Amino acid sequence: TGATGPTGTTGATGATGDTGATGTTGATGATGPTGTTGATGPVSQPAANFIINGTESPGVGNPFTLWTPFIGNSASITQAGGTFTIGQSGLYDIQVSLNFPNGGLGVAANGGAVIKGISSAFTYPLTGYASTSDGGGLATGHLVRFFNAGDTFQIQNATTFFIGNGVPAGSAASISIFRFADLQS
């Protein structure tokens, strides 16, 4: 047998074969470092609503006291014995409505109650009007005012008349209080 001849040239590459089966998943890698804390979102402003569900007739200059919390998101607006306390300084919107049943206000009465500052002196009369010939009607008011933390106020009767429920229960009186700005006075 003679000597092996030289290697011939490499032939052309053949076609790629089918992909093989996927292998098993590897172990989970280590947890990466914690990212930076994002910015704090907006804070909900304090808000509260109280109602009176029934008849009340305090004397002239005395506060309505039968307020019951109805809804709210803050412990910084409180009420005890008819005195409301603001727990957080800011610009507040106060809306009051009192229902004087028939015979309650008198025809064309001008105001049945006032928002009266206790810790700081101010008086804001509610607008009253008679909707029936025998004197039933509403006294309503809307006050925007800066309050300091700890300020107090009352809704005081300005007449000898009484408030009471209308057709729905809980409609004798309502007050909504909400803070909408941090502005300084």
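Derivation of every value follows stated rules applied to the coordinates shown; laboratory data play no part. The model shown is predicted, which means the values in this text are computed figures rather than measured ones. Neighbour counts are summed over all protein chains in view; Cβ atoms, including those assigned to glycine, are modelled from backbone coordinates with ideal geometry.
If packing is taken as the average count of other Cβ atoms within 10 Å, what order do 65-73, 43-51 fall into, highest mean first?
Packing order, densest peptide first, comes out as 43-51, 65-73.
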Residue 89 long-range amide H proximity, modeled H, under 5 Å: 149
Where the Cα pairs of the range 1-105 fall when distances are cut into 5 Å bins, in %: 2, 6, 10, 10, 8, 6, 5, 4, 4, 3, 4, 3, 4, 3, 3, 3, 3, 3, 3, 2, 2, 2, 2, 1, 1, 1, 0, 0
Rounded to whole Hz, the Karplus (6.51, -1.76, 1.60) HN-Hα couplings of the range 71-88, x for glycine and proline: 7, x, 10, 8, 8, 8, 10, 10, 9, 8, x, x, 9, 8, 10, 8, x, 9
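For the residues 86, 94, 155, what sequence is obtained by ranking on other C-beta atoms within 10 Å, fewest first? Don't skip to the answer; put the middle values down first.
Values: 86 24, 94 20, 155 29.
Fewest to most other Cβ atoms nearby, the residues stand as 94, 86, 155.
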